[in-house]
Amino acid sequence: MRYTIFSVIKVVLLISFITALNNCKSTSLNDSQKKFERDSPDKPNSKLNSKLNVKQNLNKSAKATLKFIFTWPMPRQYVSKEYNSSNPFSNEIHLGVDFQKENHDVKAAQGGIVIQSERMDNFGLTVIIDHGWSKTIYAYLAKSTVKKGDTVKLAEVIGLSGDNTQHSALHFEVQKNEVSTNPRKYLEK
């Protein structure tokens, strides 16, 4: 008898829930439908459409690139300091690859969206590009040719390497999930 009462209560609650859900759907359907139509990705000028297209293009370019290979931001013969090399005067570990060629074109290692293009403490003029699955950092630039929000293509010039009197002419760093990783894992062999 007790089992039967609980079963009846469950059925009544379920029916009440379904009825309430249907009432809620019918009253808010028009508002939701209008919002969907306004922001529909099928509309050519919608904000949602442009954001989706950028994200889809980033994903397509990343998937099309086998093992997410990066192009070198500068010629590899100018590498002066490797990832994970230690500084003999401090306990700091180097989190990128440095290049020693002044006033040389710096290229985007992979297509993406510029999320920062400004001076930073300890890094000077810096450009950061979000590739969807990773970020690349280009520090100590003499000049930046991109601004925040720009979409860049693979190997597009994003700036000029800086003056290496105090630092490297370019510090190149790869971050995956906000953690620096060895750029050589992703650079063309």
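The values are calculated or read from the model by the stated rules, or taken from the named source; none is laboratory data. Keep in mind the model is a prediction, meaning the values are calculated, not measured. Positions of Cβ are generated from backbone atoms using ideal geometry, with glycine treated the same way; all protein chains shown enter the neighbour counts.
What the table below lists for this structure:
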quantity: Flag if GLY124 is small (Gly, Ala, Ser), more than 20 Å from the chain's Cα centre (by Cα) and on the phi > 0 side of the Ramachandran plot; calculated: yes
quantity: Residue match in the stretch 47-68 (condition: modelled with pLDDT of 90 or more and in contact with a Leu (Cβ under 8 Å, 6 or more places away or on another chain)); calculated: no
quantity: Qualifying positions in the stretch 126-155 - under 10 Å from GLY112 (Cβ atoms) and assigned to a loop (DSSP other than H, G, I, E, B); calculated: HIS131, GLY132, TRP133, SER134, ASP150, LYS153, LEU154
quantity: Residue pairs meeting the criteria (Cβ under 9 Å; at least 6 apart or on separate chains; first farther than 16 Å from LEU170 by Cβ and surrounded by 13 or more Cβ atoms within 10 Å (Cβ to Cβ), in the stretch 108-125; second basic (Lys, Arg) and at pLDDT below 95); calculated: none
quantity: Of all residues in the stretch 98-107 being assigned to a strand (DSSP E or B) and over 19 Å from the mean Cα position of the chain (by Cα), the one that is surrounded by the fewest Cβ atoms within 10 Å (Cβ to Cβ); calculated: ASP105
quantity: Qualifying position, being within 16 Å of ARG76 (Cα to Cα), surrounded by fewer than 18 Cβ atoms within 10 Å (Cβ to Cβ) and without any contact (Cβ under 8 Å) to a residue 40 or more places away in the chain, among LYS143, LYS189, LYS147; calculated: LYS189
quantity: Candidate set from the stretch 153-172 (those that are surrounded by fewer than 21 Cβ atoms within 10 Å (Cβ to Cβ) and of a type in the set (Val, Ile, Thr)); member that is modelled with the lowest pLDDT; calculated: THR165
